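Notes follow the structure.
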Amino acid sequence: MYNTMLYITYDGTNYSGFQVQENAPTIQEAVERALSIIYKQPVRITGAGRTDAGVHARGQAANFMAPFFISENKLPCAVNVLLPPDIVITGARKVGGDFHARFDARRKLYSYTIDRAPFPQVFKRFYCWHLPGKLDLDLMEKAALRFEGTHDFKAFQVSGSGVTDTQRTLYRVELKNRPEEQLLTIYFEGSGFLYRMARLITGSLVRAGRGRLNLAEIDNALRGENNAASGPTSPAVGLCLEKIYYDHDL
């Protein structure tokens with residue numbers, strides 16, 4: 001058996017997330033169906049990140065055990081022929097037998113994009129949260145710095161997720177304003193993310209930008225003293241998994 005890694009990009013608009021679900025289309029299901037046709041037997045892939053319904057990816061990663069070898073140049077083309085146009089395999093490579101796309105990931109990079117135009121930009125509607133009105137970007141940048149470092153992000157996860165260890169490290173929370181496009185993108189690079197953590201932090205940053213949340217309240221939330229500083233959860237449409245980092249990437 002050959003342990004093989006895939007690099008996957010997708011538009012999540014028409015899918016109920018990455019992970020297989022009953023009676024709902026998912027990215028994993030589509031990729032596994034294509035691989036099963038190629039290898040003429042059931043194939044199960046392991047994704048690095050379980051993106052939610054409507055969330056996109058430029059740099060998702062997954063691995064699977066292949067019964068026979070197909071070259072790294074040929075495999076993406078073979079799979080893409082069998083995939084819908086909103087899912088594309090952009091690369092493949094053979095990895096060690098014990099490699100695990102999820103457990104071996106060292107960092108993840110997400111982006112969240114906000115459409116700041118007075119009216120929704122039609123051709124960006126599936127990839128941005130339309131949020132007209134004034135935002136204090138200086139205050140949002142100061143708030144973003146509060147999230148960097150190692151913290152207990154218990155307040156910044158959706159309740160009922162079942163995760164017991166809620167400590168995570170965010171190496172970067174950075175705003176990039178693109179006034180010529182009327183877009184604001186927030187980048188989150190971290191050791192890992194709790195369920196909807198990036199979307200809840202985005203909601204908090206927006207509240208700060210509107211003058212409805214101060215820096216002390218964020219600090220209190222990260223100390224477990226003020227869960228009300230979390231969120232609201234921003235819409236899935238603006239979130240994109242940009243890259244999964246492994247040892248060879250760092």
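General observations
- Meets criteria (acidic (D, E) and closer than 19 Å to A236 by Cα) for E181: no
Residue by residue, here is whether (1) in the same structural domain as K243 (by TED's automatic domain parsing); (2) polar (S, T, N, Q); (3) under 19 Å from K243 (Cα atoms); (4) in a loop (DSSP other than H, G, I, E, B) holds:
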site	(1), (2), (3), (4)
P132	yes, no, no, yes
F188	yes, no, yes, no
L200	yes, no, no, no
R212	yes, no, no, yes
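- Failed item, numbered, when E22 is tested on (1) exposed (fewer than 14 other Cβ atoms within 10 Å of the Cβ); (2) modelled with pLDDT under 95; (3) touching a Phe, Trp or Tyr at 6+ places or on another chain (Cβ under 8 Å); (4) not polar (S, T, N, Q): (3)
- The condition of being in the same structural domain as A221 (by TED's automatic domain parsing), closer than 20 Å to C240 by Cβ, buried (at least 16 other Cβ atoms within 10 Å of the Cβ) and within 19 Å of the chain's Cα centre (by Cα) holds for only one of F147, F126, that being F147.
- Counting only strands (runs of 3 or more DSSP E) that sit completely within the stretch 1-96, those holding 2 or more residues that are closer than 27 Å to A236 by Cα, in contact (Cβ under 8 Å) with a residue 12 or more places away in the chain and of a type in the set (S, T, Y) correspond to 2-10.
- Here is the figure for the stretch 125-181: residues that are among the hydrophobic types (A, V, I, L, M, F, W, C), over 17 Å from V206 (Cβ atoms) and touching an Asp or Glu at 6+ places or on another chain (Cβ under 9 Å) total 2.
- Qualifying residue in the stretch 181-191 (condition: of a type in the set (V, I, T) and without any contact (Cβ under 8 Å) to a residue 12 or more places away in the chain): no
- Search result, residues across the stretch 168-207 that are surrounded by fewer than 21 Cβ atoms within 10 Å (Cβ to Cβ), among the hydroxyl-bearing types (S, T, Y) and within 15 Å of the chain's Cα centre (by Cα): T185, Y187, S191, Y195
- Taken over the stretch 143-162, residues that are part of a loop (DSSP other than H, G, I, E, B), over 15 Å from S230 (Cβ atoms) and modelled with pLDDT of 85 or more amount to 1.
- Top-ranked residue of the stretch 219-237 - restricted to ones that are among the small types (G, A, S), in contact with an Asp or Glu (Cβ under 8 Å, 6 or more places away or on another chain) and buried (at least 16 other Cβ atoms within 10 Å of the Cβ), ranked as modelled with the lowest pLDDT: A229
The values are calculated or read from the model by the stated rules, or taken from the named source; none is laboratory data. Since the structure is predicted, the reported quantities are computational estimates derived from the model, not experimental observations. Glycine also receives a Cβ, built like all others from the backbone with ideal geometry; neighbour counts cover every protein chain displayed.
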